[in-house]
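A quick write-up on the structure given underneath.
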Amino acid sequence: MKIFRYIVASAAFVALASCSGNTAGTAAEGNGEAAAVEEAAAVTAEEAVVELAAGTTEIAAADVPTIIDFNAVWCGHCQRFKPVFHKVAEEFKGKAVFVSVNTDSCPDIAQKYQIQSIPQIVTVMPDGTATAGPTGYQEEADFKAYVESVVNK
């Protein structure tokens with residue numbers, strides 16, 4: 001009986017954790033997928049990183065580079081990189097759109113960009129061309145240098 005409770009509690013925790021932190025979900029729920037796509041490109045002064053809602057299948061194009069962090073809740077390196085991604089996003093607010101994609105809750109986007117390992121950075125330029133960036137944990141200075149090279153193209 002204890003094992004069964006542990007399994008149920010673990011499954012509930014994983015399900016809850018994979019849905020937490022999705023700020024685009026509330027705006028997108030009433031308007032469907034289109035609102036979630038529009039939300040991806042809209043960066044407000046309070047929000048440097050857009051976290052896509054579960055089930056989102058597209059990321060909207062932007063007039064500036066879009067830097068996407070593919071990650072998962074269960075991934076230790078992803079969780080370690082998250083504060084670095086957010087800090088650099090804050091520094092480059094307005095020069096690039098920063099999007100966080102949980103590969104478990106947005107599998108269509110992960111498949112579209114052929115994500116094989118995480119954390120993985122993908123950059124989409126305003127013309128729609130996507131290029132793979134760094135894979136794995138990045139130190140702040142290294143990631144900042146990567147972002148500078150992207151926004152200064």
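FYI, it's all coordinate maths here, none of it is from the lab. Predicted model, so just to flag it, every value in this text is computed and none were measured. Because the Cβ atoms are built from the backbone with ideal geometry, glycine has one as well, and the counts that use them run over all protein chains shown.
Run the reach check for residue 153 against lysines, Cα to Cα strictly under 20 Å, same-chain hits fewer than 8 apart removed. What comes back?
93, 95, 144
Taking the Cβ of residue 146 as the center, what net charge do the other residues with Cβ under 14 Å away carry, scoring Lys and Arg +1 and Asp and Glu -1?
Result for the local shell: -2.
Gap in Å between the Cα centre of the stretch 83-145 and the Cα centre of the stretch 50-75?
8
What lysines sit close enough to residue 112 to cross-link, taking a C-alpha to C-alpha distance under 23 Å and skipping anything fewer than 8 places away on the same chain?
Within reach: 82.
Can you tell me the length gained on complete extension of the stretch residue 116 to residue 64, counting 0.36 nm per residue apart and subtracting the Cα distance?
So the chain would gain 16.2 nm between residue 116 and residue 64.
Could you compute the net charge surrounding residue 71? Neighbours are other residues with a C-beta less than 12 Å from the C-beta of residue 71; K and R count +1, D and E count -1. Spell out each step's value before the answer.
On the way: positive: 80, 82; negative: 51, 69, 104.
Overall, the nearby charge balance is -1.
Please work out the FRET efficiency for the pair residue 148 and residue 54, using the Cβ-Cβ distance as r and a Förster radius of 35 Å; give the result to the nearest 0.05.
Result of the calculation: an efficiency of 0.65.
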